[in-house]
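Novice: So that we are looking at the same thing, I have put the structure below in structure tokens.
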Amino acid sequence: MSETETKPRVENIVASTQFAKELDLYAVAEKLVGAEYEPTSFPGLIYRIKDPKTAILLFKSGKANCTGGKSLEEVRRAIQKVAGLLIESGISANPDPEFAVQNMVAIYDIGHALNLTNLTIALGLENIEYEPEQFPGLVYRVRDPKVVCLLFGSGKMVITGAKNEGDIERAVDGVVHAIRQSGIL
């Protein structure tokens with residue numbers, strides 16, 4: 001990316017963690033105010049946090065997913081907050097659980113409108129899905145880093161499947177470079 005372009009903006013991080021070897025979700029639902037647990041419709045307990053604005057999905061296995069964080073620090077804070085609440089409620093839990101990023105979603109504005117039909121031909125059909133009757137964007141599967149980029153006629157791009165911000169930036173650099181090489185930009 002050149003110095004004049006803006007950086008991609010992370011919009012959502014999904015991370016996994018483990019609070020305990022096992023959790024009694026009925027007990028957790030009773031102790032955490034606002035927890036949602038309807039095992040007939042979803043096997044996990046949903047706990048929403050206002051600051052940072054995230055949701056934690058807790059499972060009987062003690063594993064959990066955090067979604068909604070826009071930075072690794074927000075994910076860390078949300079997970080630590082839930083660990084603290086579990087412990088304060090008398091539920092045995094790891095006070096400082098590790099987490100692993102499963103998916104990062106970012107957006108980027110190329111700054112120019114794109115002709116997606118021409119782009120499909122220019123980028124080569126082997127890594128692209130473009131069916132405008134079904135979805136208004138072009139799906140571009142990047143091999144390295146292994147991410148998916150959704151490109152729209154407005155010039156906006158959604159990057160998904162990344163495990164870190166470096167992968168997001170590398171993907172954006174590669175896609176923008178390929179578009180420029182094709183002569184479309």
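The values are calculated or read from the model by the stated rules, or taken from the named source; none is laboratory data. The model shown is predicted, which means the values in this text are computed figures rather than measured ones. A quick note on method: Cβ atoms are made from the backbone with ideal geometry, for glycine too, and the neighbour counts reach across all protein chains shown. Accessible surface is based on the protein model in full, side chains and every heavy atom, while ligands, DNA and RNA are left aside. Shrake-Rupley method; radii C 1.70, N 1.55, O 1.52, S 1.80 Å.
Novice: Listed residues V28, V10, V14; which is in contact with a Lys or Arg (Cβ under 8 Å, 6 or more places away or on another chain) and at pLDDT 95 or above? Steps first, answer last, please.
Specialist: Numbers: V28 fails: in contact with a Lys or Arg (Cβ under 8 Å, 6 or more places away or on another chain); V14 fails: in contact with a Lys or Arg (Cβ under 8 Å, 6 or more places away or on another chain).
The match here is V10.
Novice: Just give me the residues in segment 146-178 being more than 17 Å from K7 (Cα to Cα), within 16 Å of the chain's Cα centre (by Cα) and not in a strand (DSSP E or B), in sequence order.
Specialist: K146
Novice: Also, I was wondering about something else. Is at least one residue of segment 75-93 under 25 Å from the mean Cα position of the chain (by Cα), of a type in the set (D, E) and either open to solvent by 20 Å² or more (accessible area, probe 1.4 Å) or at pLDDT below 95 (or both)?
Specialist: no
Novice: Quick check, is I107 at pLDDT below 90 and among the β-branched types (V, I, T)? I'd like the intermediate steps shown before the answer.
Specialist: Working: at pLDDT below 90: no; among the β-branched types (V, I, T): yes.
No; evaluated as a whole, the condition is false for this residue.
Novice: Of the residues A55, A100, A122, only one is touching a helix residue (DSSP H, G or I) at 6+ places or on another chain (Cβ under 6 Å), outside any loop (DSSP other than H, G, I, E, B) and either at pLDDT 95 or above or not basic (K, R) (or both); which?
Specialist: Numbers: A55 fails: touching a helix residue (DSSP H, G or I) at 6+ places or on another chain (Cβ under 6 Å); A100 fails: touching a helix residue (DSSP H, G or I) at 6+ places or on another chain (Cβ under 6 Å).
Unique residue meeting the criteria: A122.
Novice: Determine if segment 114-126 includes at least one residue that is over 24 Å from D173 (Cα atoms) and of a type outside the set (F, W, Y). It would help to see each step written out before you state the result.
Specialist: At the first step, the residues of segment 114-126 found to be over 24 Å from D173 (Cα atoms) are none.
The answer is no, given that none of the residues of segment 114-126 is over 24 Å from D173 (Cα atoms) and of a type outside the set (F, W, Y).
Novice: Further, regarding this structure: Within segment 34-66, which residues are surrounded by fewer than 18 Cβ atoms within 10 Å (Cβ to Cβ) and among the β-branched types (V, I, T)?
Specialist: Listed by number, the residues that qualify are T40, I46.
Novice: Identify the residue in segment 9-33 that is under 24 Å from the mean Cα position of the chain (by Cα) and under 17 Å from I49 (Cα atoms) and, among all such residues, is surrounded by the most Cβ atoms within 10 Å (Cβ to Cβ).
Specialist: I13
Novice: Could you list, in sequence order, the residues of segment 102-152 that are over 22 Å from P8 (Cα atoms), free of Cβ contacts under 8 Å to residues at least 24 places away in the same chain and surrounded by fewer than 17 Cβ atoms within 10 Å (Cβ to Cβ)?
Specialist: At the first step, the residues of segment 102-152 found to be over 22 Å from P8 (Cα atoms) are 117-118, 120-122, 124-126, 129-135.
From the residues that got through so far, the ones that are free of Cβ contacts under 8 Å to residues at least 24 places away in the same chain too are 117, 120-121, 124-126, 129-135.
Of everything in segment 102-152, those that are over 22 Å from P8 (Cα atoms), free of Cβ contacts under 8 Å to residues at least 24 places away in the same chain and surrounded by fewer than 17 Cβ atoms within 10 Å (Cβ to Cβ) turn out to be T117, I121, G124, L125, E126, E129, E131, P132, E133, Q134, F135.
Novice: Please indicate, with yes or no, whether at least one residue in segment 45-67 is polar (S, T, N, Q), over 14 Å from Q18 (Cα atoms) and over 18 Å from the mean Cα position of the chain (by Cα). Walk me through how you get there before you give the answer.
Specialist: As a first pass, look at segment 45-67 and keep what is polar (S, T, N, Q): 54, 61, 65, 67.
So of that shortlist, the ones also over 14 Å from Q18 (Cα atoms) come out as 54, 67.
Now drop any that are not over 18 Å from the mean Cα position of the chain (by Cα), which leaves none.
So far as segment 45-67 goes, no, none of its residues is polar (S, T, N, Q), over 14 Å from Q18 (Cα atoms) and over 18 Å from the mean Cα position of the chain (by Cα).
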